[in-house]
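Following: one structure in structure tokens, then a few remarks.
What follows is calculated from the coordinates using simple rules that are stated; it is not laboratory data. Remember, it's a predicted structure, so these values are computed and weren't measured experimentally. Reconstructed Cβ throughout: ideal geometry from the backbone, glycine too, with neighbour counts over all protein chains shown.
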Amino acid sequence: MNKFIIKKEFKESLYENKGIWMMVAAAFILSALCFLVMNIKEGSVLAQNDILQYAIKAVLLITLTISTVLGASAFASEREENTLESLLLTPISKLNLTLAKFLGVLVVGIILCLVSIPYLIAIGLGSGLVLKAILVTFFCGILLLLAFTGISIGLSVLMGNSKASILTSVLIVLILTFPAFIQGLFKMSPVGTFFLKYDPMASCFNMMKSMLSDKLSFFSQMQYIMPILLFAVIGVAFMIFTSRRVALKGEK
């Protein structure tokens with residue numbers, strides 16, 4: 001794979017697509033959570049635990065949203081700016097070109113996760129849950145990052161413009177995330193219970209609760225790990241499958 005293309009895609013994701021400003025916004029939100037935890041009553045372990053979980057959810061949602069938007073505009077914006085033709089004329093295969101864009105977005109997402117570490121340490125300080133919080137954030141974050149970035153890049157290949165691909169990609173994030181926040185309502189019906197069982201975002205939140213609130217080990221979380229892992233495989237496979245359809249015009 002051409003290292004120059006990977007560097008180019010990373011720089012575009014970071015600078016031209018306002019990736020740095022998105023990171024600043026993420027840092028601002030996490031700083032607000034840190035300020036909140038500093039003002040909770042001393043000795044309120046439950047409140048600190050709750051805020052730590054909110055922080056992880058915030059990190060995941062910010063990282064996935066930013067990466068999804070960057071991925072969804074990967075090929076669609078190239079078409080709109082008439083720069084895709086020059087890339088297709090290079091000796092780089094369509095698959096390698098797709099993987100280069102994938103890695104460029106992935107690096108931005110990983111940086112966002114790394115930025116969250118000091119905040120998670122500050123929020124969870126004294127709770128004994130910092131290492132577990134970082135483990136959950138990176139394990140779930142990277143797998144979900146692989147999935148949503150792969151899906152969004154695949155949609156960017158197939159769709160004709162960036163607005164359509166971004167809207168569709170963000171909608172997928174919302175559809176999978178919303179039930180995770182209202183699991184009580186979904187569990188009232190067999191269909192909802194079935195959906196939650198395989199929803200990767202719900203599995204991520206349940207894994208987080210199990211490890212941080214119930215104090216269970218990482219190795220006892222297989223029922224939650226498998227849906228997330230399967231979703232990551234599906235997302236990457238979708239991207240690889242659509243890479244052969246990279247063209248100057250998206251499919252209608």
Hits in region 89-116: amide N under 17 Å from the 7 Å Cα→Cβ extension of Arg244, namely 93-99
Over 26 Å (Cα to Cα) among Lys163/Lys197; Lys57/Lys197; Lys187/Lys215; Lys132/Lys197; Lys57/Lys132 -> Lys163/Lys197
At the level of C-alpha centres, the distance separating region 142-192 and region 72-106, in angstrom, is 22 Å
Classified through the alpha carbon gyration tensor (a ≥ b ≥ c as square roots of its eigenvalues; rounded if a/c is under 1.5, else prolate when a/b is larger than b/c, else oblate), region 76-196 comes out oblate
One finds, for Leu216 and Asn96 with R0 = 51 angstrom and r their Cβ-Cβ distance, a FRET efficiency to the nearest 0.05 of 0.75
For region 60-168, listing GluC sites (Glu not before Pro) in a DSSP loop whose Cβ sees at most 13 other Cβ atoms within 10 Å gives Glu81
